[in-house]
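Visitor: I am attaching a structure below and will ask some questions about it afterwards.
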Amino acid sequence: MRRFSPFLLLSTLALAQVGLVDGPRPSTEVRGTLQGNAREGYSVVVEFLVESGANPVQGSTNQSLSWDGKLYLCVSGCDHFTLSGYAPNTPYNQVFDLYDSGNRLRGRALVSTVYDFLGRPSYHQVQYAVWPLQGARTWMPSPDNPVPLEAGGWLTVRPPGGSARERYRYPGMESYQPPSVQGSILSGISPADRDVVKKSVLSSLADLRSFYARQPRGSTLWFFVPEVSVWTQTLAQEFRAKNGGQERFVLPEGAARSYCSLHRNDPRFHVMPRDTLSKEQAFAVIYPPSGDTQKGAVMAGRYLVDRSDWQETDYLYFTTPLSPTQEGLPEARALVWGYISQANLKARVEFKEWTLSSWANLSFTLDQEASWDGVFSRDAGRGEESFYLDGFPDGSSPYTVRDTAGRDRGTAQVVANKELVGYELDQNAGASFDIKVWANEINRLQFGVWVGGKYEYFTAYDCSWTKRVGLTDIYACKYKDDQGRYRGSGAIGAWWRYRHVTGTVYPLVPQYEVKGYSVYVSLKGWQETWYYASDNDRPVEPGGYVTAEGKRYRIPGLEGYLMPTGKDLEVAEGDPYVSYITRSISPQGNPFASTGREEAKLWFKSLRDWCAERGL
């Protein structure tokens with residue numbers, strides 16, 4: 001079964017009911033509503049479908065993507081059952097109500113779309129539960145509600161009226177880890193104590209500063225740590241800045257020796273009467289300056305020593321490109337602002353859109369060979385594209401330029417680069433003439449005629465006698481131009497010095513060979529535009545995700561936003577529980593001094609005295 005993204009569920013399922021899976025009952029019979037948040041932990045309100053009367057008929061079937069959403073089942077008679085709200089050709093992982101032909105609610109069906117190896121929807125898996133007409137069914141809550149969500153998305157819950165607990169998994173939360181720091185001295189605070197103790201976690205420097213600022217001004221922060229690391233000193237510096245108080249460091253004897261040479265005279269350093277202290281047992285006490293009624297606070301966990309890599313900047317305001325979570329999404333960017341510690345980050349999303357210019361905004365020249373077919377490639381703003389000249393070469397310039405989608409993208413003036421290779425007679429445009437010339441010769445007889453729009457001179461040649469008509473001899477002749485090219489033929493009638501010249505001459509048509517083309521293109525290119533999402537402004541989801549207009553992106557650099565990191569400091573504050581802890585430790589003096597017991601002699605002392613006793 002294909003699961004939803006856990007990051008999506010962290011933000012979207014807090015108000016949605018889903019069928020629980022991987023349990024003893026089908027997901028159609030047990031459902032849960034996720035509540036809470038990633039920083040403080042999630043819980044689930046669980047409901048069971050309780051029956052009175054006959055048990056439901058359950059089954060499963062595979063259906064095509066184009067399935068119409070109807071099942072033919074025989075439960076208290078055979079009938080067609082319809083999934084309410086189902087639409088064909090739509091991916092699902094959703095529970096639908098089942099209605100019979102009488103429009104009566106008879107059950108539910110889980111439709112889960114199965115995807116192929118390329119991530120494309122392939123078919124539906126349908127799991128259904130239909131109860132008979134006799135008997136009633138209703139959803140009832142578990143007496144354990146709300147149930148804490150455990151690591152991996154598991155939860156343990158009792159059904160209504162039952163004593164044995166059943167184990168289920170909340171879909172999409174397989175990677176979930178509870179945010180609590182396990183193993184610290186505060187992890188054992190029971191739910192019964194939480195009405196007097198406010199237990200929380202610090203996940204950022206902003207959380208830490210806010211926590212320090214809530215404590216009484218001028219308090220003293222006592223660190224009980226296996227070593228005073230650079231991070232421990234940073235925590236102390238932040239306390240002085242936000243609270244105005246002072247810090248003290250208490251080390252186990254096994255670590256104290258290495259501090260004698262540098263910190264012997266530093267009044268902040270003390271030694272506790274034990275050899276070692278693990279980082280998990282490290283704790284700190286904020287002791288009020290005076291007054292029994294003032295509240296104290298306790299901090300615990302290994303990140304009193306180890307650097308937690310918390311983000312320094314709590315308030316964000318920046319614009320960044322967004323990373324798509326799947327192929328095919330448009331390019332997007334967002335203005336992100338808000339406070340990480342307040343979990344109120346918002347994103348104003350913009351989508352990039354490419355539109356064609358309404359006028360030709362690109363002009364260029366192409367030099368093409370004689371074999372060119374009218375196709376060319378060009379970057380018109382969105383990368384290389386292919387274009388062609390509509391009707392080339394049989395049409396006339398200018399040609400319409402089209403892209404591969406057939407869109408009008410501009411015009412092209414085409415100039416053929418030609419070379420003269422000869423002339424041909426235009427047999428369709430001959431000029432017939434009938435003129436009289438006074439001359440002695442027949443061969444080499446010259447005359448002028450208008451032909452092809454201009455006046456040219458021709459010479460008769462290759463004349464031969466054909467006949468005699470009356471006193472006139474008739475000769476058949478050919479005519480050539482002044483360059484000796486044959487231009488036509490006719491007849492010459494000769495009588496004494498009188499010559500009657502007739503015939504037809506033809507204009508010359510030059511013959512060219514195309515050596516290439518010069519193409520002057522005016523093209524409509526792409527223009528980059530940005531438009532705001534219609535559902536702005538969007539909340540930033542756990543893991544740094546944002547969804548706008550149904551399109552899901554990730555914000556670079558916010559991958560850890562609202563996600564449990566395990567690098568948290570557990571803190572507790574409240575009265576009287578925490579105040580009791582701080583007063584019982586009483587760092588200002590020996591809490592066992594008045595007991596008379598042996599351990600009254602064993603309390604932490606200044607590093608200076610401890611080093612002096614050992615001659616260090």
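Visitor: Give segment 166-211 a look and list any residue that's more than 16 Å from residue 301 (Cβ to Cβ), at pLDDT 85 or above and either in contact with a strand residue (DSSP E or B) (Cβ under 9 Å, 6 or more places away or on another chain) or open to solvent by less than 20 Å² (accessible area, probe 1.4 Å) (or both), or say none.
Guide: Listed by number, the residues that qualify are 166, 167, 168, 169, 170, 210.
Visitor: To continue, here is another question. Hey, among 538, 497, which residue is surrounded by fewer than 19 Cβ atoms within 10 Å (Cβ to Cβ) and farther than 30 Å from residue 427 by Cβ?
Guide: 497
Visitor: Only one of 587, 556 is open to solvent by less than 50 Å² (accessible area, probe 1.4 Å) and either at pLDDT below 60 or on the phi < 0 side of the Ramachandran plot (or both); which?
Guide: Within the list 587, 556, the selection yields 587.
Visitor: Quick one: count up the residues across segment 57-73 that are free of Cβ contacts under 8 Å to residues at least 24 places away in the same chain, surrounded by 11 or more Cβ atoms within 10 Å (Cβ to Cβ) and not in a loop (DSSP other than H, G, I, E, B).
Guide: Within segment 57-73, residues that are free of Cβ contacts under 8 Å to residues at least 24 places away in the same chain, surrounded by 11 or more Cβ atoms within 10 Å (Cβ to Cβ) and not in a loop (DSSP other than H, G, I, E, B) number 1.
Visitor: Just to check your reading of the model, which residue among 234, 320, 313 is within 30 Å of residue 546 (Cβ to Cβ), under 40 Å from the mean Cα position of the chain (by Cα) and at pLDDT 90 or above?
Guide: Only one candidate qualifies: 320.
Visitor: For segment 74-96, give me the residue count where each residue is assigned to a strand (DSSP E or B), open to solvent by less than 70 Å² (accessible area, probe 1.4 Å) and either more than 18 Å from residue 62 (Cα to Cα) or aliphatic (A, V, I, L, M) (or both).
Guide: Summing the residues that are assigned to a strand (DSSP E or B), open to solvent by less than 70 Å² (accessible area, probe 1.4 Å) and either more than 18 Å from residue 62 (Cα to Cα) or aliphatic (A, V, I, L, M) (or both) in segment 74-96 gives 3.
Visitor: Something else now. What about residue 86, is it at pLDDT 85 or above, aromatic (Phe, Trp, Tyr) and in contact with a strand residue (DSSP E or B) (Cβ under 7 Å, 6 or more places away or on another chain)?
Guide: Considered against the rule, which asks whether it is at pLDDT 85 or above, aromatic (Phe, Trp, Tyr) and in contact with a strand residue (DSSP E or B) (Cβ under 7 Å, 6 or more places away or on another chain), residue 86 comes out as yes.
Visitor: Follow-up. Kindly provide the set of residues from segment 256-279 that are in contact with a strand residue (DSSP E or B) (Cβ under 9 Å, 6 or more places away or on another chain) and surrounded by 16 or more Cβ atoms within 10 Å (Cβ to Cβ), ordered by number.
Guide: Of everything in segment 256-279, those that are in contact with a strand residue (DSSP E or B) (Cβ under 9 Å, 6 or more places away or on another chain) and surrounded by 16 or more Cβ atoms within 10 Å (Cβ to Cβ) turn out to be 256, 259, 263, 268, 269, 270, 271, 272, 277.
Visitor: Please verify whether segment 303-315 includes one or more residues that are part of a helix (DSSP H, G or I) and not acidic (Asp, Glu).
Guide: Yes, some residue in segment 303-315 is part of a helix (DSSP H, G or I) and not acidic (Asp, Glu).
Visitor: Now for a different question. What number of residues in segment 445-482 are surrounded by 12 or more Cβ atoms within 10 Å (Cβ to Cβ) and either among the aliphatic types (A, V, I, L, M) or touching a Lys or Arg at 6+ places or on another chain (Cβ under 9 Å) (or both)?
Guide: The total comes to 18.
Visitor: Restricting to strands (runs of 3 or more DSSP E) lying wholly in segment 441-559: which have 2 or more residues that are closer than 30 Å to residue 340 by Cα, touching a strand residue (DSSP E or B) at 6+ places or on another chain (Cβ under 7 Å) and touching a residue at least 40 places away in the same chain (Cβ under 8 Å)?
Guide: Counting at least 2 such residues, we get 526-532, 545-548, 551-554.
Visitor: Please enumerate the residues belonging to segment 391-435 that are within 60 Å of the chain's Cα centre (by Cα), surrounded by 14 or more Cβ atoms within 10 Å (Cβ to Cβ) and either assigned to a loop (DSSP other than H, G, I, E, B) or charged (D, E, K, R) (or both).
Guide: Scanning segment 391-435 gives 392, 393, 397, 398, 402, 403, 409, 418.
The values are calculated or read from the model by the stated rules, or taken from the named source; none is laboratory data. What you see is a predicted model; the values in this text were computed from it and never measured. All Cβ positions, glycine included, derive from the backbone under ideal geometry; neighbour counts span all protein chains shown. SASA here: full protein model, heavy atoms, side chains in, ligands and nucleic acids out. Shrake-Rupley method; radii C 1.70, N 1.55, O 1.52, S 1.80 Å.
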